[in-house]
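Scroll down for the structure; my scribbles are underneath it.
The values are calculated or read from the model by the stated rules, or taken from the named source; none is laboratory data. Only a predicted model underlies this, so the values are computations on that prediction, with no experimental measurement involved. Reconstructed Cβ throughout: ideal geometry from the backbone, glycine too, with neighbour counts over all protein chains shown. Side chains included, ligands, DNA and RNA excluded: accessible areas come from the protein's heavy atoms. Shrake-Rupley method; radii C 1.70, N 1.55, O 1.52, S 1.80 Å.
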Amino acid sequence: MSMTDERYLRITAGVPRLGDDRLREILRVHFGLTAGGLRPLAGETDQNVRVTDTSGAEYVLKVCPAGDLGAVRFQNALLRQLADHAPELPVPRVVDALAGQDGVVAVPGAPDLVARLLTWLPGTPLAEAGARSAELLTDIGETAGKLAAATVCWRHPEPPAPHYWEFPHAATVLAEALPAVVDPELRAAIALIEAEFVPLLVRLPELPRGVVHHDLNAFNLLVGAGPRRRVAGVIDFGDAQYTARIADLAILCASVMRGQSAPLRVAATLVGAYHRVCPLTESEVDLLYPMLAVRAATVAATAARLDAAGEHGDPRHRSPAAAELVRLLATTPAELGAATLRHACGLPVQAVDWLATHQIEPVLDGQLKPIDLSASSAVFDDADPRDPVALRAAAASAIHATRPAVAVGRYGEPRFTGGGTVSTGVELFADPGVQVSAPLAGTAERCPPGVDLLLRHEPAEGVRFWTVYTGLSTSVSLGDEVTAGQRVGALGQYSQLLVRLATVPVSGWREVPAEVPHADAPVWQALLPDPTPLLGARHAVTAWQPSTGRTLEGRRKHLPHTHPTYFSAPITMVRAKDCRFYDENGRGYLDALNNVTLLGHGHPRLVDAATRQLRRLNTNSRFVYEVLTEYAEALTATLPDGLDVVYFLNSGSEANDLALRMARYLSGREDVVIIDDAYHGYTTTVADVSPSRYKHYGKPDTTHPTPVPDRYRGEYGYDDPEAGAKYARHVTGTFDRLVGEGRPPAAFLYEGLLAGGGQIVLPPGYLAPIHAEARRHRAFTIADEVQVGFGRLGEAFWGFQTQGVLPDFVTMGKAMGNGFPVAALVTTREISEAFDRTGRFFSTYGGNPVACAVGMELLRVLDEERLQDNALTVGQYLRDRLAALAGRHELIGDVRGQGFYSGVEFVLDRATKEPAAAETLIICERLKEEGVLVYPTGPAWNILKLKPPLTFTSAHADELVSALDRVLEAGW
Ligand code: PMP
């Protein structure tokens, strides 16, 4: 017998225990069913059995004492009401008996028992279903709201007797259980909830009433499978009651919040969703937080009491998470809880309008000067954003430089020194001893920890707020009255005064946070609003404002509307270092997307090389300067002998454009053979050989796409050792066809690993026969290394080298300057000289000294830091870890790549390989929320492109894989 079964036996001691033969008899006689399988299920009062009939249909047979007849009739009637009035709700259906009132039947030979049959609902209890997405939580809240809406007007002549643990009895339940709670911290937390919230329950009888499920917990909610999982069942209506309607929501929140990292946000999602389906009254919303706290305390206290009494009760409620939630709720300011739920329902939260329209005395004399301590501030330009000590030092020195003016850290600013947490007050940086005044008349209240002075102000009838001072040396004592402008103290030894405003009493709080997480800022800003008016009107200080809205508006006005942005809510990036980006909120993001930044963002040696060269000389290549020659030598040294002549350009498009122009001129032909789904650039010529572009306007007659050698989806799979040669035949066949048609090709243009084509690793033996045939037909070969060159593929410095071929032209860009525009076309002297007849070649910016200095330094760093080796080993490590994820997540169809160029292909069905395009975009959006940047690619947009800087470490790879795992587990 398994542990679960033993536990089940303990829970169900005392419930009816009919043998299988008797159960089969009930099913046959009363329901006309022949049971195939019978499996016992847990139940606190009923004997519950899962029944499979011979047709495979599934049911739950419930047997209980005849004394419960009224209660089971009530439950059946309730389920029928739900079936009629909310047929979309996944609740069990009552199975009609052949003869028997309300589907409740007598048990043959056992007059003390009755039975009934319900349909079985498949699904996993929410409590056991792993991480929860916001969409699932929303569905749960909506389901609860729909349940309430469907039963609110329903009444039954025989409602069940009240249960001892209902909200009106909470005081008794807690008082009885409290002495049995052994853990002193938990006991104190429960006592606090009892004292603070239980008295509020007197308001319960005034709230709307209805019949509720009354045990809507994470074990009675079933969820479906897969990443897009939703509520699949609401079961166990055994505790249903006619009572305050919001009892269900409070019970639901208290259960679903357990074990979650941000439980208040969970409650906000549930309550907001419920409210949209079944609008709550303001009184209900205001009692909800106290009720959910009381419910959480009751569950934890009852579990402790049963433990102490040697009874075990329902073990599901005895999880450490239940006690943990109680501790958390006891330390959360009640005002925050209440405001969070009001905010979730769109109800107004406290505000201080009075200050905006009245004169007050400034708290500090002297000249005030706002200082920008957000991630966008120049203050941090010379600090490594990954180093908190360096950030604080940079902020300190900037603050110091503001003297004699008083630097003011703005309200609502995401402080970069705090990792992007949002400031709840204004910070004033001045010398110790600088005098501080009361802005208005007020009374000193007891200070919470970390606060030096708390003044209550009631400047007008019905207007009340508090000013909160930290970092103040004060002699004002509890109960003292102060007048407007009165000196209340001086700046303390830390030279830093934090002034906040509160719309709610904070005396009893454990802490008034100086900074709060970004996600919680809107609610906090209602409780601790902008205190900037306390500084006086004459200073040009304002609260921090995000720039994203304004910046996007400007883009919409001045950029083409087809210009893309990443993500549905685009990110305003303000800086980056190595593999980490930072947005204007100071939030860091792992960069797994950026193939351009080969050496990582802001590599100090490149920054130095560029700035030094900019200061020294920047001109054009008609002048002679050493760095160009040096760079041309170093660059061609990375290429096979013969590829010696460099045309310096500015972009990948230019390089491909020039290669095609040369190939066409030298061959006297026009036709170009390419690989399908490719992208080679934006100029007219290269857009015409880029299927991802010309599909929007029509394929030019001279362009000849050949099948993508995709061993995952294509004609020849990974298991075919001849796949390379077979795919190559499509290309050489195209050559032959064109020759046959009297229009032999000018060139074959390809990438060493297909980027836009879907991160496709070329099959071994693919390029060699193509090159041989191209040569035979005197067609030029062009290797587009814009994406994959410079060691990214790990195995070789250039993509074409992984196939052992030698192209006529190599085009490069992107990574070449680590983000600084540097591009080139490299070819042989022979080809170059043949092209010389078309006149001279010159590009104004191509090969400028700064570009050459940057490119040169990049080659040095690449070599010295052995980054190609890193791409090989960490790239493989990343793919191994991703491949291991495929065992846990059906959505992953294929993991492939070379070095630091990998693709994860998502499919809806591994057999049909139907692309999971919508899912891939959602996954990217969710990864962004997790702080990891990747983006979809491929013809169907169902492939994650992973092409991080070559400095990506195995720790970064772990971070990426764990985030993907979390996203896929939680779903959407
Ligand atoms: N070739 C390939 C393979 C590319 O991916 C790109 C850019 N995505 C280009 C050429 C064009 O480069 P650029 O944007 O620098 O003009």
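Here are the numbers:
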{"item": "Qualifying positions in segment 387-419 - more than 30 Å from VAL523 (Cβ to Cβ) and basic (Lys, Arg)", "result": "ARG403"}
{"item": "Those residues of segment 132-173 which are open to solvent by less than 50 Å² (accessible area, probe 1.4 Å) and aliphatic (A, V, I, L, M), in sequence order", "result": "LEU136, LEU137, ILE140, ALA144, LEU147, ALA148, ALA150, VAL152, ALA170, ALA171, VAL173"}
{"item": "In segment 44-64, the residues that are without any contact (Cβ under 8 Å) to a residue 60 or more places away in the chain and touching a Ser or Thr at 6+ places or on another chain (Cβ under 7 Å)", "result": "ASP53, THR54, CYS64"}
{"item": "Those strands (runs of 3 or more DSSP E) lying entirely in segment 374-435 with at least 1 residues open to solvent by 20 Å² or more (accessible area, probe 1.4 Å) and small (Gly, Ala, Ser)", "result": "none"}
{"item": "Residue match in segment 649-669 (condition: more than 16 Å from the ligand (Cβ to nearest atom), surrounded by 15 or more Cβ atoms within 10 Å (Cβ to Cβ) and part of a strand (DSSP E or B))", "result": "no"}
{"item": "Counted residues, segment 923-969 - those being within 10 Å of the chain's Cα centre (by Cα) and not charged (D, E, K, R)", "result": "8"}
{"item": "Sole exception among (1) open to solvent by 30 Å² or more (accessible area, probe 1.4 Å); (2) part of a loop (DSSP other than H, G, I, E, B); (3) among the aliphatic types (A, V, I, L, M) for VAL574, by number", "result": "(2)"}
{"item": "Selection status of THR597, in contact (Cβ under 8 Å) with a residue 12 or more places away in the chain, away from the ligand (no atom under 16 Å from the Cβ) and hydroxyl-bearing (Ser, Thr, Tyr)", "result": "no"}
{"item": "Residues located in segment 94-106, provided they are open to solvent by 10 Å² or more (accessible area, probe 1.4 Å) and of a type in the set (A, V, I, L, M)", "result": "VAL94, VAL95, ALA97, LEU98, ALA99, VAL104, ALA106"}
{"item": "Qualifying residue in segment 891-903 (condition: over 20 Å from PRO949 (Cα atoms), among the hydrophobic types (A, V, I, L, M, F, W, C) and touching a Phe, Trp or Tyr at 6+ places or on another chain (Cβ under 7 Å))", "result": "yes"}
{"item": "PRO707 farther than 29 Å from CYS852 by Cα and more than 16 Å from the ligand (Cβ to nearest atom)", "result": "yes"}
{"item": "Complete set of residues in segment 497-508 that are surrounded by fewer than 21 Cβ atoms within 10 Å (Cβ to Cβ) and out of contact with any helix residue (DSSP H, G or I) (no Cβ under 7 Å at 6 or more places or on another chain)", "result": "PRO505, SER507, GLY508"}
{"item": "Residue check for ARG616: among the charged types (D, E, K, R), away from the ligand (no atom under 13 Å from the Cβ) and in contact with a Ser or Thr (Cβ under 9 Å, 6 or more places away or on another chain)", "result": "no"}
{"item": "Selection status of THR611, away from the ligand (no atom under 16 Å from the Cβ), open to solvent by 30 Å² or more (accessible area, probe 1.4 Å) and not in a helix (DSSP H, G or I)", "result": "no"}
{"item": "Selection status of ASP719, modelled with pLDDT of 95 or more and within 16 Å of the ligand (Cβ to nearest atom)", "result": "no"}
{"item": "Selection from segment 670-682 of residues that are open to solvent by 30 Å² or more (accessible area, probe 1.4 Å) and within 38 Å of the chain's Cα centre (by Cα)", "result": "ASP676, ASP677, TYR679, TYR682"}
{"item": "Cβ pairs under 8 Å, 6+ apart, first in segment 644-656 and over 22 Å from GLU833 (Cα atoms), second near the ligand (Cβ under 7 Å from one of its atoms) and among the acidic types (Asp, Glu)", "result": "GLY652/ASP784"}
{"item": "Residues located in segment 625-641, provided they are surrounded by 15 or more Cβ atoms within 10 Å (Cβ to Cβ) and part of a loop (DSSP other than H, G, I, E, B)", "result": "TYR625, THR638, LEU639"}
{"item": "Checking GLY19 against (1) in contact with a strand residue (DSSP E or B) (Cβ under 9 Å, 6 or more places away or on another chain); (2) at pLDDT 90 or above, the condition it does not meet", "result": "(1)"}
{"item": "Test result for ALA42, modelled with pLDDT under 90, open to solvent by 20 Å² or more (accessible area, probe 1.4 Å) and touching a helix residue (DSSP H, G or I) at 6+ places or on another chain (Cβ under 9 Å)", "result": "yes"}
{"item": "Test: THR298 is in a strand (DSSP E or B), at negative phi and open to solvent by 10 Å² or more (accessible area, probe 1.4 Å)", "result": "no"}
{"item": "Residue under evaluation ALA514, criteria (1) of a type in the set (Gly, Ala, Ser); (2) open to solvent by 20 Å² or more (accessible area, probe 1.4 Å); (3) in contact with a Phe, Trp or Tyr (Cβ under 8 Å, 6 or more places away or on another chain), criterion not met", "result": "(3)"}
{"item": "Matching residues in segment 901-920 - criterion: being assigned to a loop (DSSP other than H, G, I, E, B) and open to solvent by 50 Å² or more (accessible area, probe 1.4 Å)", "result": "LEU908, ASP909, ARG910, ALA911, THR912, LYS913, GLU914"}
{"item": "Any chance ALA940 is assigned to a loop (DSSP other than H, G, I, E, B) and touching a strand residue (DSSP E or B) at 6+ places or on another chain (Cβ under 8 Å)", "result": "yes"}
{"item": "Any hit, segment 172-188, residues being on the phi < 0 side of the Ramachandran plot, polar (S, T, N, Q) and not in a helix (DSSP H, G or I)", "result": "no"}
{"item": "Counted residues, segment 372-406 - those being touching a helix residue (DSSP H, G or I) at 6+ places or on another chain (Cβ under 6 Å) and either basic (Lys, Arg) or over 12 Å from GLY418 (Cα atoms) (or both)", "result": "7"}
{"item": "Qualifying position, being more than 19 Å from LEU867 (Cα to Cα), open to solvent by 70 Å² or more (accessible area, probe 1.4 Å) and touching a residue at least 40 places away in the same chain (Cβ under 8 Å), among ARG622, ARG556", "result": "ARG622"}
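Matching residues to (1) open to solvent by 30 Å² or more (accessible area, probe 1.4 Å); (2) touching an Asp or Glu at 6+ places or on another chain (Cβ under 8 Å):
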| residue | (1), (2) |
| --- | --- |
| HIS457 | no, no |
| GLY471 | no, yes |
| ALA484 | yes, yes |
| GLN493 | yes, no |
| ALA521 | no, no |
| ASP530 | yes, no |
